[in-house]
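Single-structure report; data block below.
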Amino acid sequence: MTFDVKWREATKSDRTYLRTFTCTSAPVPRGTVGAERQVQSFFRQYATAATNRAITEGLDGRLVIAEDEEGIAAAFAHRLVAVQEYPAELEIPANCQVRDLSFVAVAERYRVPQGALLGDIGTPGAMADEAINEALWDIKDRAGDAPRVYVIGLVDYRNAASMRMLGRNHFEELSRGVPPPTGDNRLGRWMRILRCDTGA
């Protein structure tokens, strides 16, 4: 399924435009930080700078947005991971790459109440699936001669919609933080291996 959106790389001139991107308007309970609000804040305030920093460091940062007739419909950001940053639990062959799929977000107008994502025929998660697949194609296009790219990302374990989306799109959860009160690490690491030499 394909939505009537146009994908393009964001530029420095989009910095103000990105401040209009709304993933959620749901209230955040006092004393908590909503996971969706954090993602929205990244795109509104930090995405351009983070992408530029990655590029400056030689890590091929990418910030891509989808637009429809109302504005930004979805966005994603990813970057190459330096060898010294590779997760300790992964053994990465020397000729392969690791990419951090930093953030993926869908505009609130593509969502329905309780956080379920609405597709063009009512399919939950359809726009999120399109965004993640656009991100994976973009990553694959930038792989060069690498036969495989290990795509990794961190997800707040309270963000059930994002975890469902990753699961639908063949990511596997490698590790999960221990929830309070016994721990305070709220992030789980997810991964999908793209085989660039076979098209998988």
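Only the coordinates and a few stated rules stand behind these numbers; no lab work does. The model shown is predicted, which means the values in this text are computed figures rather than measured ones.
Table for the structure above
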| quantity | calculated |
| --- | --- |
| Long-range amide H partners of Gly188 with built H, under 5 Å | Val155, Asp156, Tyr157, Gly177 |
| Cα gyration tensor shape for segment 1-84, rounded if a/c is under 1.5, else prolate or oblate | oblate |
